[in-house]
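For reference, the structure discussed in these notes is given below.
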Amino acid sequence: MSTKSWILIGTLFFVVFGQAAVDLNKILCLDTLGYCIRYPTDWGVSQDNDYTYIFSGPEGTPTFYTTVTVASFASSALGGRYANVVELIQAYKCDTVTRSAWACVDSTAYPEGDGYVAEFVYQGELFRQWRVARASSDGKILHSWAYTAPSELFATYKPIAEAMLQAWVVDGVPSSQGTATAANIVVIFETRDRIRRLSTCNSSSDLSLGRCHSITYTVNITQPGYVALSLVIERGPWVTAILYDSTGKRITFRPGNVADVYTSAYAVTPGTYTVKVAPELFNSESDFLLQVYFSTKKFTVDDLIALFGPRNRYLQR
């Protein structure tokens, strides 16, 4: 099963557990498999095969030996081996037992057979594993998510795994309880840059005459759908982002004088689009984080909030 994937770095995303916040500033999206998952800045991801991705901490640290693995399988509806997540989880249970000299599998805390916690011996070392499974909305793709660590490290790094599970989005729906989104929204463009104060920009007239700094980016959309953008800037300056189609018609924009980072979603057709980031006041300069979102399904600002964070936020210098 081949996939198209991309990794985005820079979005400030935190999941809070008690008093501790886990930063998940990277995201891997797999459009063919239909999911996105966030993971920590210092973690890496490797591809075991076309449908299995393994996340772990940097080599030389304890988190290198703790992994989160996401694997996806075609269901029997597409010619695969398993009809549903119950059958997939049962297969994993059997595999855990047969591959280990000793294993203890407990699924009492997981209804409908969609998960378990296991302890097992592998190459003479005791490991602990937490596995859950989810299906795509049409039931055609089955996903397995698993956190595995040496038993003595399992509890220490479990908050990271929990945060990743909470931020795992299948068909646009987060794993955790909360706002469920109706669309499979992906980030098709992201950049972090800065609007600077130029020596030629000293008045509102200079701004209107194009003598102030602006940056234009090109975004290619390959299928009909819906598009929105977000612009996160520093507190104080007024900087705007405007999305145009190939004819120069304005599709949507994020004003610089509001705290809401998101725009609404608008219907688009395939083509080349541009995003212009520019100051709204001649004396404005600011770092910014720009993201452009796309889905083949209609989505709302509430969907964006559920997936990518609160609507009112600023960058810190």
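The values are calculated or read from the model by the stated rules, or taken from the named source; none is laboratory data. Note that the coordinates shown come from a computational prediction; the quantities given were computed from them, not determined experimentally. Cβ: placed from backbone, ideal geometry, glycine included. Neighbour counts: every protein chain shown.
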Quiz item: Within region 172-185, is even one residue part of a strand (DSSP E or B) and modelled with pLDDT under 90?
Solution: yes
Quiz item: Hey, any hits in region 190-205 for a residue that's among the aliphatic types (A, V, I, L, M) and either under 29 Å from residue 118 (Cα atoms) or at pLDDT below 90 (or both)?
Solution: no
Exercise. Residue by residue through region 269-291, note down the ones that are buried (at least 22 other Cβ atoms within 10 Å of the Cβ), farther than 21 Å from residue 226 by Cα and in contact with a Phe, Trp or Tyr (Cβ under 8 Å, 6 or more places away or on another chain).
Key: 279, 284
Quiz item: Looking at region 55-81, which of its residues are over 17 Å from residue 24 (Cβ atoms) and part of a helix (DSSP H, G or I)?
Solution: 62, 64, 65, 76, 77, 78
Quiz item: Just checking, which of 244, 314, 262 is aromatic (Phe, Trp, Tyr) and more than 30 Å from residue 202 (Cβ to Cβ)?
Solution: 262
Practice problem: Out of the residues in region 292-310 that are surrounded by 18 or more Cβ atoms within 10 Å (Cβ to Cβ) and small (Gly, Ala, Ser), state the one that is modelled with the highest pLDDT. | Solution: 295
Quiz item: List pairs: first in region 68-85 and within 28 Å of residue 56 (Cα to Cα) and in contact (Cβ under 8 Å) with a residue 40 or more places away in the chain, second part of a loop (DSSP other than H, G, I, E, B) and among the acidic types (Asp, Glu), Cβ under 8 Å, 6+ apart or cross-chain?
Solution: 85/114
Practice problem: Report yes if residue 105 is surrounded by 12 or more Cβ atoms within 10 Å (Cβ to Cβ), assigned by TED's automatic domain parsing to the domain that holds residue 134 and touching a Lys or Arg at 6+ places or on another chain (Cβ under 6 Å), otherwise no. | Solution: yes
Quiz item: Where residues in region 46-75 are surrounded by 15 or more Cβ atoms within 10 Å (Cβ to Cβ) and more than 20 Å from the chain's Cα centre (by Cα), which of them is nearest to residue 124 (Cα to Cα)?
Solution: 65
Quiz item: Assuming residue 96 fulfils every condition listed in (1) part of a loop (DSSP other than H, G, I, E, B); (2) modelled with pLDDT under 90; (3) under 19 Å from residue 154 (Cα atoms) apart from one, which condition is it?
Solution: (1)
Self-check item: Hits in region 109-127 - residues which are surrounded by fewer than 20 Cβ atoms within 10 Å (Cβ to Cβ) and either in contact with a Phe, Trp or Tyr (Cβ under 9 Å, 6 or more places away or on another chain) or outside the structural domain of residue 82 (by TED's automatic domain parsing) (or both)
Solution: 109, 110, 117, 119, 121, 126
Quiz prompt | Extreme residue, farthest from the chain's Cα centre (by Cα), among residues of region 194-211 that are loosely packed, with under 14 Cβ neighbours inside 10 Å and in a helix (DSSP H, G or I) | solution = 205
Quiz item: Within region 246-268, how many residues are modelled with pLDDT of 90 or more and buried (at least 17 other Cβ atoms within 10 Å of the Cβ)?
Solution: 8
Quiz item: Looking only at region 218-228, which residues are over 14 Å from residue 245 (Cβ atoms) and among the hydroxyl-bearing types (Ser, Thr, Tyr)?
Solution: 222
Practice problem: Would you mention how many residues in region 225-241 are hydrophobic (A, V, I, L, M, F, W, C), more than 23 Å from residue 296 (Cα to Cα) and either part of a strand (DSSP E or B) or within 24 Å of the chain's Cα centre (by Cα) (or both)? | Solution: 3
Quiz item: Going by the conditions given, is residue 56 at pLDDT 90 or above, within 17 Å of residue 146 (Cα to Cα) and polar (S, T, N, Q)?
Solution: yes
Quiz item: Any chance region 242-259 includes a residue that's among the aliphatic types (A, V, I, L, M), closer than 30 Å to residue 164 by Cα and within 21 Å of the chain's Cα centre (by Cα)?
Solution: no
Quiz item: Is there a residue in region 76-86 that is polar (S, T, N, Q), farther than 22 Å from residue 158 by Cβ and out of contact with any helix residue (DSSP H, G or I) (no Cβ under 9 Å at 6 or more places or on another chain)?
Solution: no
Quiz item: What number goes with the only condition from (1) assigned to a helix (DSSP H, G or I); (2) surrounded by 15 or more Cβ atoms within 10 Å (Cβ to Cβ) that residue 36 does not pass?
Solution: (1)
